Structures are given as C-alpha cells and as structure tokens.
1. Using only the heavy atoms of the protein chains and a 1.4 Å probe, how would D103, D205 rank by accessible area, largest first?
2. Taking all pairs of different Cα atoms in segment 197-345, averaging 1/r and flipping that mean, what Kirkwood radius in angstroms comes out?
3. Give the carbon-plus-sulfur fraction of the accessible surface of segment 168-265 in %, rounded to a whole number; probe 1.4 Å, heavy atoms of protein chains only.
4. Among K8/K150; K229/K391; K197/K393; K94/K360; K8/K244; K244/K360, which pairs are too far apart, with a Cα-Cα distance over 32 Å?
5. I need the peptides 396-402, 191-197, 16-22 ranked by packing, meaning the mean over residues of other C-beta atoms within 10 angstrom, with the highest value on top.
6. How high is the relative contact order of segment 326-402? Use alpha-carbon pairs under 8 Å, at least six apart in sequence, and give a whole percent.
7. For the full complex of protein chains and a 1.4 angstrom probe, list K138, K74 by accessible area with the highest value first.
8. Remind me, relative contact order of the chain in percent, using alpha carbon pairs under 8 angstrom and six or more residues apart?
Amino acid sequence: MISGIVGKPNVGKSTFFNSATLMNVAVANYPFTTINANVGTGYIRVKCVHMELGVKDNPVNSACIDGTRLIPVKMVDVAGLVPDASKGRGLGNKFLDDVRQADALIHVVDSSGSTDEEGRAVPSGTHDPLVDVEFVKKEMVLWVKGLIEKDWARLCRTVESGAAGSPSLVSELTQKLSGLSIRENSIETAVHKAGLKADKPTSWDAEDLYSFSKELLDISKPMLIAANKCDQAPSKELISKLVKELAPAYPVVPCAAEAELLLRRASHAGFISYVPGDSSFQISDLSKITAAQKRALELVKSEVLDPWKGTGVQKAINDAYLSLLKGIVVYPVEDETKFTDKKGNVLPDARIMHLGDTAKDLAYSVHTDLGDSFLYAIDSRTGLRVGADYKLKNNDVLKIVATARKG
Ligand SMILES: Nc1nc2c(ncn2[C@@H]2O[C@H](COP(=O)(O)OP(=O)(O)O)[C@@H](O)[C@H]2O)c(=O)[nH]1
Ligand SMILES: [Mg+2]
C-alpha cells in the first residue's frame, strides 16, 4: 500500500512528507527506504498488542515506544499540480508518473487561504481551498480520461467486433490502465456506477468518459484532505467549510505540517519527548534549549496542539491506510506460545493487511514460498488452528504452519 501526497504548489506537501518520514527510532531496513528522493517511509501509529498479551516486545520491522507501535509504510511526495496540468502545464507529466503508483491520496490544501491556484502568495484568508480540491480532482479525472481516449476507436472495434473470443471492455481497459495500480473489479464497478454499457463503448460520449474516469478515480484512488497550515488564523473557518462540503466522501483532517516537523526535529535532537500523533510533548531538559527554541515550542503548543489536539499529520497517515484503504494490523510469529520469531524476538513484525485478506494472504505477504506451502495457521490467543480462508482480524497474532521445505 502506497500513499501519494498531492496538491498544488506551496501548500506544504514537502513539509508534510519530510515530517512524516523523519523518525528517531531504529527500524530495520525496509525494502523501499531510498528508491527515489520523493519516495520515503512514513509510519502508521497503533496501540501495540504486547501489553494485552503481557509480554515485553522487541520489534524488528517496526518500532514500539511505550506501547505505541509504529509500522513503516511507503509514501510519495508528488510534484505540485496546477490548473490545466492535464494539458501539459507545469510538471503535469511528472505529477502523473508519481501518482500512478499510489493506492490512496493525501490531498494537502492550504487552509489558511494564503496561496492562489498556482501556489503564489496572496493575503491570508483570501483564497478558498475548496476551489483547489475541485481543480485537483478535475485535473486527475481529465488525465485518466486522456489515457482512456488514446486509441479509443480501435478499442471499441475490438470489443464490439462480435468475433469469437473478442476481449471484453473491462479486460481491455484493465490492460490499458495496467500501470495505474487499478484492479479489474474497480473498472467493472466504475462502468456500473457511471450507468454505462460495457458491451457498447461506441455509445459513450465525452461526458460518459468523464463520468467513468471520475468514478474510477474515486474507487481506485481514495482521497482525504489534509487541511494544512491550521496554525493560521483564517483556517478555522475555511476548514469548517471544507468539512461541510466534502465530508464524509472526502474526510478532512486539520494539519500543521510545519509544527510536526519542528516537533520531530526537537525529538530527534533529544530536546523533547514526543511520539508522532501525541497531543502534547515534554521538554527533556530546559537547560539544553535556547530561548528561541523554547518560544517556538510554546507556539506549537498554543497554536496547534491545544486547539487541534495534535498536528494532524499522524492522523492523516493513519486515516489514509486504516480507513481509506481499510488496513488492519497483523502480527505473524514463529512460536505461537511465546509470540516470537526464530531468533526469539517477541512480536517482531507488524504487518498492514487489507480487511478481507485471509491467513493465506498473510503467508504470501511474508514470502511467496510460505504462501505456496501454506497448511494452516494457529491463532496465538486461542491456540486453535485456522484454515487458508480464515479472514484476518485486526491485531491477530498468528503462526503460519507450512509444509517442510526441501533442500
Ligand atoms: N503556517 C504554516 N506554514 C506551513 C505549514 N506547512 C508548510 N508551510 C509553509 O508553506 C510553504 C510551502 O511548503 P512546501 O512544503 O515547500 O510546499 P509544497 O510546494 O506543497 O511542497 C513553506 O514556506 C512552508 O514553511 C504549516 O503547517 N503552517
Ligand atoms: Mg514540494
């Protein structure tokens, strides 16, 4: 699961990304640590199961701070989008390349209303971020529509040829959009939701293609709004408006990315104790910080943490993976009685799976071989066996039993 941070220029996307990916706890190297400058590791924050199970843990693929489990997830800082990007304005194509791999979108807007549609500075409170939500959505729809329209006449002929074994529209579109991490059944649902006929694509006009593209994006790239710069005075009112117009279809999370970055840096430097997502922090040693640093921290407290109960950055990430993408957390172990791996690490791994995934899916997510040789799993809490089709539950601790490997 990957989330993409999208939005127009100067709303705080990079600040959000930089704060989200800054962590001062040791987590074993994840395969996606540095692929690209704009790809990084963020973290989901959940309550760890170790206390409920009455054990002390030593995580390997994740971290645990006083009962809070931080689980790595992949994030992409997407190039800024300007109006008419789908016609090639700005970094349009770079934007689309970045966004194609994302499963969910965190759309950062400037809720202080101090940047225009192009991201230029304007007096605070004079630009409505709702306008930006609409134009970014529209540009993305036009982009998907543009991809579908390429070679559309040929695709229609193939689908409607009536020849034995001629491919269906859904399978043709799945192939065409294969680089976009969109599943076949999402395409099928979008055709249905747009009220269109899959066997008669020649009857689709430009408006139909637009509605189809819109439905497809809503299904395959669910989006939440990170209403950033909530530390500024006009934000409260503009955020209420965003919530009124967009939620619940697009959840709105008030954010202060700059404050989060400051807190994480201070925590990294050992000045404060703060776990991402906390609604407060503790200064570790007043003698270590300068008067200016103390003042900056006080501002974060009075302008962000007290009124908003947190900076919102962690909430936005959690909501993207756990709500939009219906993620659940599962702990695979080797010894179901001690909750350990082969080396004796207690609750070493926490994995984000999808609601609806099965025990066998979990085995595959650990290793293809483990999936292929899956026999059954054992639920650590009950000691009972569960089969391949067992639907994973949030916080399951499971041992996977497989046939012995040869060699
Ligand atoms: N007041 C305020 N300013 C912010 C916040 N987050 C980012 N900014 C400022 O917004 C400007 C643009 O930030 P940047 O992350 O480069 O935006 P991007 O172009 O969307 O990646 C910078 O001057 C940031 O310091 C915030 O939470 N509050
Ligand atoms: Mg940026």
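The values are calculated or read from the model by the stated rules, or taken from the named source; none is laboratory data. Just so you know, these numbers come straight off a predicted model, no measurement behind them. Here the Cβ is made from the backbone with ideal geometry for all residues, glycine too, and neighbour counts use every protein chain on show. Ligands, DNA and RNA are stripped out before the accessible areas are found, and what is left, the full protein with its side chains, is counted by its heavy atoms. Shrake-Rupley method; radii C 1.70, N 1.55, O 1.52, S 1.80 Å.
1. Final ranking, largest accessible area leading: D205, D103.
2. Computed over Cα pairs of segment 197-345, the Kirkwood hydrodynamic radius comes out at 19.0 Å.
3. 50
4. The pairs that break the limit, which is 32 Å between Cα atoms, are K229/K391; K197/K393; K94/K360; K244/K360.
5. 16-22, 396-402, 191-197
6. Taking the mean separation of contacting Cα pairs over the length of segment 326-402, I get 38 percent.
7. Descending accessible area places them as K138, K74.
8. 17
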